[in-house]
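K.L.:
Next up is a structure, given as C-alpha cells.
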Amino acid sequence: MIILAFSKTLPMFILVAFIYGIGPAFLTPALAAYTLDRAGCSPGPAMGTLQAITDLGMTLGPVIMGIIVHATSYPIMFLCLALAGLVNLNYCYFFVIKKR
C-alpha cells in the first residue's frame, strides 16, 4: 500500500497489483488452517465466524475507504490502509502469537 501511495506509472501499479495479489493467495489458506487448528471439535462454527468476519471487512472496508478518499486523496487512503495493516500485524503478534 505504501508503494501504491507513491507510484506514478502504470508499471509500478502493475507491480503493486502483483505483490498485493500474492498476499491473499497465501494468507487465506493459512488463516483457514489456523482457524481449524484452534477450533478443536467444532470446526463449523469457527469457519463460519472466520467467513463472517472476512465478509464484514470486505463490506465495511470500501465504505470507510470511500469516505476517506472523498475527504482527502488516494495517496492518503493507501497510507491509511498501510497503517491499518500495520496495526493488525502488531495486534496479531503481541496478542495472538505471544499469548500462545
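K.L.:
In this structure, does Val96 turn out to be open to solvent by 60 Å² or more (accessible area, probe 1.4 Å) and of a type in the set (A, V, I, L, M)?
P.N.:
no
K.L.:
Can you tell me how many residues in the range 77-93 are open to solvent by 80 Å² or more (accessible area, probe 1.4 Å) and among the hydrophobic types (A, V, I, L, M, F, W, C)?
P.N.:
Total meeting the criteria: 4.
K.L.:
Within the set of pairs 6+ apart or on separate chains, which have a first residue in the range 2-27 that is modelled with pLDDT of 85 or more, a second that is among the small types (Gly, Ala, Ser), and C-beta atoms under 6 Å apart?
P.N.:
Ile2/Ala82; Phe13/Ser7
The values are calculated or read from the model by the stated rules, or taken from the named source; none is laboratory data. Note that the structure is predicted; figures quoted are calculated from it, not measured. All Cβ positions, even for glycine, are placed from backbone atoms using ideal geometry, and neighbour counts span all protein chains on display. The accessibility values were calculated without ligands, DNA or RNA, using every heavy atom of the protein model including side chains. Shrake-Rupley method; radii C 1.70, N 1.55, O 1.52, S 1.80 Å.
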